[in-house]
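S.K.: First, the structure itself, so that you have it in front of you.
The values are calculated or read from the model by the stated rules, or taken from the named source; none is laboratory data. Keep in mind it's a predicted model, so treat the numbers as computed, not measured. Don't worry about glycine lacking a Cβ; one is built from the backbone with ideal geometry, like all the others, and counts go over all protein chains shown. Keep in mind that these areas ignore ligands, DNA and RNA; they rest on the heavy atoms of the full protein, side chains included. Shrake-Rupley method; radii C 1.70, N 1.55, O 1.52, S 1.80 Å.
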Amino acid sequence: MNETVSVISDDEYRKVERFIYKEARFADESRYDEWENLLEDDMIYWIPRGEGDFLPDRDVSILNDNRSRLATRINQLKTGTRHSQEPRSPMRKIISNLMIDRISENEYLAHVNFALFEMQVQSLDEMNIWAGRMEYKLRESEDDLKMFFKKVVLINGDHPVPTIAFII
Amino acid sequence: MNYTTNDISAISNPAADISGLIKDNGIHSSLYTDPNIFALEMDKIFQECWVFVGHLSEVPKRGDYIRRHIGCEPVLMFRTGDATATVLTNRCTHRGNLLCQEEKGRRRAITCQYHGWVFNLDGDLVDRPFSGGYCDKGGELDLRKAKVAIYRGFVFATFAKNPVSLEDHLGNGRHALDRASNLSPEGELDLFGGWTKHIFNSNWKMLVENNTDGYHVNHVHDSFARGIQVQYKYENVLKSEEDKLEAFVRDMGDGHAEIEYGQTYSKPLFWFGVESDRFPDYVSSMEAAYGKDEANDILTKGPPHTYIFPNLFIAEVSMVVIQPISAGKSINWNTPLYLKGAPDAVNRRMLRQGEAALGPSAFLLADDAVIGDRQWRALHGSPGWLDLSRGESRETVAADGTITSHYSDETPNRGFWRHYRTLFS
């Protein structure tokens, strides 16, 4: 990478940070349309089985959606009969340890840690705690950033996990 | 009868009591919720029957092992030769330490990390540090070894002293293992995709029964039908009119059951959501391996949707293992049905379709899981009899003894419980 373009300015840092907080809020509040508006057409949304050398085209993932499959996922969530998210889980995600790399002139790679508290209200009335890290790839698009990649690495992804029907 | 204590001895005559909980067309809910019955199942079913442990392709080289469970018993499956494997209890015979904690790996021998006892891959005790302190006890301190039998790479094991042959256990279910393996031009599965492990807060038998229940599909999976553009493989089963469904259910005997979709596909690879010209290399390698007619038949009929008693389910594009944890908790394991010798693009499609259907975030299984959770909670708080009579009067018995009926009929459930009852009598 060219050193002269690799530095992230404070303004850029704030912009990426604002985007990530906004994205987390839409996901936590199951605001599907607003969340979907943050996506680029080449979006990949991926939950591999945790850390490790998992390859998306070789190793089975917990979730691996391209843009069209993600549209199906959101359509399904909006039908009202996606039982695993009816009623929707109240959730709050804490995000920290933001680090940003530049991919190109107008693209960023952001890394965060997260802890997500999910009230599983569909069958158990119990709280699930999810923890891990996320990678976002973001692109300058018209006036704001858009997301074209989101990878969620759960610390327990390769172990038995409960249903994850919400947008994490 | 008192089914609330955790003491198994509270059931004075368990076999008789369990038989009383199963009628021809209904069962009592305590079969799902009672921890005493769960404990008896671990003994009578998971210790005494042939249980699926893993596939040889998961341990390709000598010394490769995977950690699995037979019921609740932790085991290790080791590759020991070209077509052989051992299944050993993952517990040191000295002081009971778990011998291997890693999910998979490779060993030349198994050394316990507590006191350094060493076992070979056949489970024989071969060395003990400071051996001067011991009098020889012969083979008494070898690891607990399961009997192993392998069919087309599927490794089954049992702790029964005098088990029936694997062939007898599989019965008609053997055809499903053939049907899956024959989708490969080399006649073998190659399960290198790893497994997702999805927690169900319900009884393992609920997962079993749901797998061959056609009746729930229009209701539990309504959101999927409406969320995607329905096409190809889902076209037939997501129809809401009873008389238009062509798929049917089959009780194969011995507890095995399936949903037969074969005749709903009019062309080769329709089950895969494509036509033959999408994967010409695959089709030609299949024709070279099986001849044109048989290849056409295999590729039209597609993969099985078949449950093999007690813990294996071939879910068309995926393979599923059902692991019981407790009366109210189970793990659904899922790996793509990778075909040895098939083009990467075919296996990649297998992977993507499997991820859509199965796993913690899947379009289908996420909803099955929550319905199972609800069912278990309702039954736990409100025990009683459950009805399994659907389709009783419209079944057809074939010459081979298998029973077929309408896609939505509870024939597979009745077959499961009929076999289950024999194990406790």
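S.K.: Identify, by number, the condition in (1) part of a loop (DSSP other than H, G, I, E, B); (2) under 30 Å from B:K329 (Cα atoms) that B:P129 doesn't meet.
M.R.: Checking B:P129 against (1) part of a loop (DSSP other than H, G, I, E, B); (2) under 30 Å from B:K329 (Cα atoms), the one that fails is (2).
S.K.: Do we have A:N106 as farther than 27 Å from B:V220 by Cβ, more than 17 Å from the chain's Cα centre (by Cα) and more than 7 Å from every other protein chain (Cβ to nearest Cβ) here? Give the steps one after another, and end with the answer.
M.R.: Details: farther than 27 Å from B:V220 by Cβ: yes; more than 17 Å from the chain's Cα centre (by Cα): yes; more than 7 Å from every other protein chain (Cβ to nearest Cβ): yes.
So A:N106 fits the description; yes.
S.K.: I'd like the residue in the range B:294-311 that is among the β-branched types (V, I, T) and open to solvent by 10 Å² or more (accessible area, probe 1.4 Å) and, out of all such residues, is nearest to the chain's Cα centre (by Cα).
M.R.: So in the range B:294-311, the residues among the β-branched types (V, I, T) come out as B:298, B:300, B:306, B:308.
Adding the requirement that they be open to solvent by 10 Å² or more (accessible area, probe 1.4 Å) leaves B:298, B:300.
Values: B:I298: 22, B:T300: 24 Å.
Selected residue: B:I298.
S.K.: Within the range B:113-132, is even one residue closer than 21 Å to B:V59 by Cβ, open to solvent by 60 Å² or more (accessible area, probe 1.4 Å) and outside the structural domain of B:A257 (by TED's automatic domain parsing)? Lay out the reasoning, then the answer.
M.R.: Of all residues in the range B:113-132, those closer than 21 Å to B:V59 by Cβ come to B:118-124, B:126.
So of that shortlist, the ones also open to solvent by 60 Å² or more (accessible area, probe 1.4 Å) come out as B:122, B:126.
Okay, now just the ones that are also outside the structural domain of B:A257 (by TED's automatic domain parsing), so B:122, B:126.
Yes: one or more hits.
S.K.: Mind checking whether some residue in the range B:154-162 is part of a helix (DSSP H, G or I), crowded, with 19+ Cβ neighbours inside 10 Å and either touching a Gly at 6+ places or on another chain (Cβ under 8 Å) or among the hydrophobic types (A, V, I, L, M, F, W, C) (or both)?
M.R.: Going residue by residue through the range B:154-162, those that are part of a helix (DSSP H, G or I) are none.
Checking the range B:154-162: not a single residue is part of a helix (DSSP H, G or I), crowded, with 19+ Cβ neighbours inside 10 Å and either touching a Gly at 6+ places or on another chain (Cβ under 8 Å) or among the hydrophobic types (A, V, I, L, M, F, W, C) (or both).
S.K.: Moving on to the next point. Does A:T81 satisfy the criteria of being within 11 Å of chain B (Cβ to nearest Cβ) and assigned to a loop (DSSP other than H, G, I, E, B)?
M.R.: Numbers: within 11 Å of chain B (Cβ to nearest Cβ): yes; assigned to a loop (DSSP other than H, G, I, E, B): yes.
Against the criterion (within 11 Å of chain B (Cβ to nearest Cβ) and assigned to a loop (DSSP other than H, G, I, E, B)), A:T81 qualifies.
S.K.: Looking at the range B:40-52, I want the residues that are farther than 13 Å from B:N311 by Cβ and hydrophobic (A, V, I, L, M, F, W, C) and have a partner that is modelled with pLDDT under 95 and in a loop (DSSP other than H, G, I, E, B) with Cβ atoms under 9 Å, at least 6 apart or on another chain. Which pairs are those?
M.R.: Going by the 9 Å Cβ cut-off, the qualifying pairs are B:L40/B:I11; B:L40/B:F424.
S.K.: Quick one: in the range B:357-398, of everything that is under 30 Å from A:I74 (Cα atoms) and of a type in the set (K, R), which residue is farthest from the other protein chains (Cβ to nearest Cβ)?
M.R.: Residues of the range B:357-398 that are under 30 Å from A:I74 (Cα atoms), as a first pass: B:357-378.
Next, only the ones that are of a type in the set (K, R) stay: B:374, B:377.
Values: B:R374: 5, B:R377: 7 Å.
Only one residue tops the list, namely B:R377.
S.K.: For the range B:312-327, which positions are within 12 Å of chain A (Cβ to nearest Cβ) and open to solvent by less than 10 Å² (accessible area, probe 1.4 Å)?
M.R.: Those that are within 12 Å of chain A (Cβ to nearest Cβ) and open to solvent by less than 10 Å² (accessible area, probe 1.4 Å): B:V317, B:S318, B:M319, B:V320.
S.K.: Across the range B:68-98, what is the total count of residues that are assigned to a loop (DSSP other than H, G, I, E, B), without any contact (Cβ under 8 Å) to a residue 24 or more places away in the chain and over 20 Å from B:I331 (Cα atoms)? Break it down stepwise before answering.
M.R.: Pass one, the range B:68-98, residues assigned to a loop (DSSP other than H, G, I, E, B): B:71-72, B:82-83, B:90-98.
This time we only want the ones that are without any contact (Cβ under 8 Å) to a residue 24 or more places away in the chain, so: B:82, B:90, B:95-97.
Subset that is over 20 Å from B:I331 (Cα atoms): B:82, B:95-97.
Residues flagged as assigned to a loop (DSSP other than H, G, I, E, B), without any contact (Cβ under 8 Å) to a residue 24 or more places away in the chain and over 20 Å from B:I331 (Cα atoms) within the range B:68-98 amount to 4.
S.K.: If a residue must be of a type in the set (S, T, Y), under 24 Å from B:L364 (Cα atoms) and either within 15 Å of the chain's Cα centre (by Cα) or in a helix (DSSP H, G or I) (or both), how many such residues does the range B:163-208 contain?
M.R.: In the first step, residues of the range B:163-208 are kept if they are of a type in the set (S, T, Y); the result is B:165, B:181, B:184, B:196, B:202.
Now restrict to residues that are under 24 Å from B:L364 (Cα atoms): B:196, B:202.
In the following step, the residues that additionally are either within 15 Å of the chain's Cα centre (by Cα) or in a helix (DSSP H, G or I) (or both) were identified as B:196.
Of the residues in that region, 1 qualify.
S.K.: Among the residues in the range B:336-352, are any of a type outside the set (G, A, S), in contact with a Pro (Cβ under 9 Å, 6 or more places away or on another chain) and more than 12 Å from chain A (Cβ to nearest Cβ)?
M.R.: yes
S.K.: Same structure, new question: Among the listed residues A:I167, A:I94, which satisfies the condition of being free of Cβ contacts under 8 Å to residues at least 24 places away in the same chain and either under 25 Å from A:G52 (Cβ atoms) or touching a Lys or Arg at 6+ places or on another chain (Cβ under 8 Å) (or both)?
M.R.: Working: A:I167 fails: free of Cβ contacts under 8 Å to residues at least 24 places away in the same chain.
Going through A:I167, A:I94 in turn, the sole match is A:I94.
S.K.: Scan the range B:387-417 for residues that are in contact (Cβ under 8 Å) with a residue 12 or more places away in the chain and either open to solvent by 40 Å² or more (accessible area, probe 1.4 Å) or charged (D, E, K, R) (or both) and jot them down. Break it down into steps so the answer makes sense when it comes.
M.R.: From the range B:387-417, those in contact (Cβ under 8 Å) with a residue 12 or more places away in the chain are B:387-392, B:394-395, B:400-417; that's our starting set.
Of everything in the range B:387-417, those that are in contact (Cβ under 8 Å) with a residue 12 or more places away in the chain and either open to solvent by 40 Å² or more (accessible area, probe 1.4 Å) or charged (D, E, K, R) (or both) turn out to be B:D387, B:R390, B:E392, B:R394, B:E395, B:D400, B:G401, B:D409, B:E410, B:R414.
S.K.: Moving on. Before we move on, is B:S330 among the polar types (S, T, N, Q), open to solvent by less than 10 Å² (accessible area, probe 1.4 Å), within 14 Å of another protein chain (Cβ to nearest Cβ) and over 30 Å from B:N36 (Cβ atoms)?
M.R.: Values: among the polar types (S, T, N, Q): yes; open to solvent by less than 10 Å² (accessible area, probe 1.4 Å): yes; within 14 Å of another protein chain (Cβ to nearest Cβ): yes; over 30 Å from B:N36 (Cβ atoms): no.
For B:S330, the condition - among the polar types (S, T, N, Q), open to solvent by less than 10 Å² (accessible area, probe 1.4 Å), within 14 Å of another protein chain (Cβ to nearest Cβ) and over 30 Å from B:N36 (Cβ atoms) - is not met.
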